[in-house]
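Colleague: Take a look at this one; I'll ask things after.
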Amino acid sequence: MKKYGVVLIGCGYMGSLHLDAIVRHERVRLVGVVDWNKEKAEQVAHKYGATCWSNDYRLLIERNDVDFVIIATYPSSHLEIAKASIAAGKHVLCEKPIAKSAKETLEFMKMARESKPKVLIGHILRHNSTYQTVMKMIHDGAVGSPMVMRFTQLKRSMDWATHLSLLKDASPVVDCGVHYIDVMRWATGADILSVNGIGQRLDDDVPPYTYNYGLITLRLSDGSVGSFETGWGRGMPSDNRKEFMGPAGRIRIIYKCDRPQEVQHLGNMVEYEDYRTGTVRQLNIDFSEKPTGAQLDYFLSMIENNFSSRPLMDEAYRAMEIALMADQAILDGMTIKCT
């Protein structure tokens, strides 16, 4: 049984989630870690048992014992690192957003489509059993069509310096919105027709060309509509509403962390109200392991069995394209047609 060697590039929040999945996986070995802060890279390497560490990814990706890399850096570095990794013959699992700009996103996608090594964009919700359960219910007619989809992801920043650095690369609408734009298209099978929104700088530290609070609304080709509210800030409330409403029913996802302490061991909850029968059901979905583990399993299946990426590269590209349009709609104060 082959054991795959991996280098993780980027030791921040998402990097730590990938590391937890790597060290639990019996078929993956952590060869090295990379971070711009070499001391942090060394600390993480010792903590997770990596063979080597560096602040320069180019020193590690050429190693013969490395089969793939995981890119968990800021979006502005994704294209450069992915190019070098693919040129070195390594498979790539790259966090979203795909890149910093529309031009770089298009270049990344062209490279990924032509790449012999496998490339997967980290749309983690596609590998989340809670969302997979909800999508099956929706596709089986649980809520009917057209739908109203309401998503909120507001975060009180416990590390404002990190969020501020990320804001220089991507607004919250782009960084988080790609997930929920993809979820809207996944749920409906429809495309986005138009998007508009509003944004606000709620802290003087926020660069003048962006915002740390945003709200977008979208119209889809099947008649459904969706909204996504997001933001990061020191005084921001924490809010994680995820809801799908249709003529036949309503589904709401309640995350494990938002449930009462005494029932958090039951995992996430899916609450389903069936308007036709007047009943309400509550389903507990195990969430003892983060979806990065399931995503890693799928990535290995792509490598070994030539599976297509999940989401497909065109789906990941479209979600990013719409997120960038949404960002522009906020900055320009207008509705943008997503043709």
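Every number in this text was worked out from the coordinates using simple rules, so none of it is lab data. Because the structure is predicted, anything quoted here is derived from the model rather than measured. Methodologically, a virtual Cβ is constructed for each residue, glycine included, from the backbone with ideal geometry; neighbour enumeration extends over all protein chains shown.
Colleague: Which far-off residues, 5 or more places away or on another chain, put their amide H under 5 Å from the one on residue 153, with H placed in the peptide plane?
Modeller: For residue 153, whose amide H was placed from the backbone, the distant partners under 5 Å are 229, 230, 231.
Colleague: Rounded to the nearest 5, what % of DSSP beta bridges with both residues in the chain are antiparallel?
Modeller: 55 percent
Colleague: Based on alpha-carbon positions alone, could you give the equivalent ellipsoid semi-axes of the chain from the gyration tensor, as √(5λ), descending, whole Å? Don't skip to the end; give the middle numbers.
Modeller: Working: eigenvalues 206, 111, 84 Å².
Three semi-axes, in Å: 32, 24, 20.
Colleague: Sticking with this one: Find the relative contact order for segment 265-308 and round it to a whole percent, using C-alpha pairs within less than 8 Å whose residues are 6+ positions apart. Walk me through the numbers before you get to the answer.
Modeller: Numbers: 35 pairs, mean separation 13.9, N = 44.
Normalised by residue count, the contact order of segment 265-308 is 32 percent.
Colleague: So, one more: At 25 °C and 0.890 mPa s, grab the translational diffusion coefficient of segment 273-334 from Stokes-Einstein with a Kirkwood Rh over Cα pairs, rounded to a whole number in µm² per second.
Modeller: Values: Rh = 15.8 Å.
In µm²/s, the coefficient is 155.
Colleague: Sticking with this structure for a sec: Got a sec to turn the phi values of segment 119-135 into Karplus ³J(HN,Hα) couplings, 6.51 cos²θ - 1.76 cosθ + 1.60 with θ = phi - 60°, whole Hz, x for Gly and Pro?
Modeller: Residue by residue, segment 119-135 yields 10, 10, 8, x, 7, 4, 5, 5, 10, 8, 4, 5, 5, 4, 4, 5, 5 Hz.
Colleague: Tell me which lysines have Cα within less than 20 Å of residue 118's Cα, excluding those fewer than 8 residues away on the same chain?
Modeller: Reachable lysines: 2, 3, 83, 90, 96, 110.
Colleague: Starting from 0.36 nm per residue, how many nanometres of slack lie between residue 36 and residue 262 once their C-alpha separation is accounted for?
Modeller: Details: separation 226, 0.36 × 226 = 81.36 nm, distance 4.04 nm.
Fully extending the segment from residue 36 to residue 262 adds 77.3 nm.
Colleague: Moving on. For segment 1-62, list log₁₀ I(q)/I(0) at each q in 0.16, 0.17, 0.28 Å⁻¹, using the Debye formula over Cα point scatterers of equal strength and ignoring solvent, two decimals each.
Modeller: Normalising to I(0) and taking log10 leaves -0.43, -0.48, -1.23.
Colleague: At 1.002 mPa s and 20 °C, plugging the Kirkwood radius over alpha-carbon pairs of segment 4-122 into Stokes-Einstein gives what diffusion coefficient in µm²/s? Write down the numbers at each step before the final one.
Modeller: Details: Rh = 14.0 Å.
Using the Kirkwood radius from Cα pairs, D works out to 153 µm²/s.
Colleague: In whole angstrom, how long is each semi-axis of the equivalent ellipsoid of segment 180-269, when you take the square root of 5 times every eigenvalue of its Cα gyration tensor and sort them from largest down? Could the numbers behind the result be given before it?
Modeller: Values: eigenvalues 131, 115, 15 Å².
Calculated on Cα positions only, the semi-axes equal 26, 24, 9 Å.
Colleague: For a test of the definition: using alpha carbon positions, the gyration tensor, and the 1.5 limit on a/c, classify segment 197-339 as rounded, prolate or oblate. The partial results should precede the final answer.
Modeller: Details: a/c = 1.42, a/b = 1.23, b/c = 1.15.
Rounded, since a/c falls under 1.5.
Colleague: Sticking with this one: Stretched out fully, how many nm does the piece from residue 110 to residue 58 gain, at 0.36 nm a residue minus the Cα gap? Each step should come with its number before you reach the end.
Modeller: Working: separation 52, 0.36 × 52 = 18.72 nm, distance 2.21 nm.
Extending this stretch completely gives an extra 16.5 nm.
Colleague: Reachable lysines from residue 38, Cα under 17 Å, same-chain residues fewer than 8 places away excluded?
Modeller: The qualifying lysines are 47.
Colleague: So for the pair residue 23, residue 145, with labels modelled 7 Å out along Cα→Cβ, what separation do we get in nm?
Modeller: 4.5 nm
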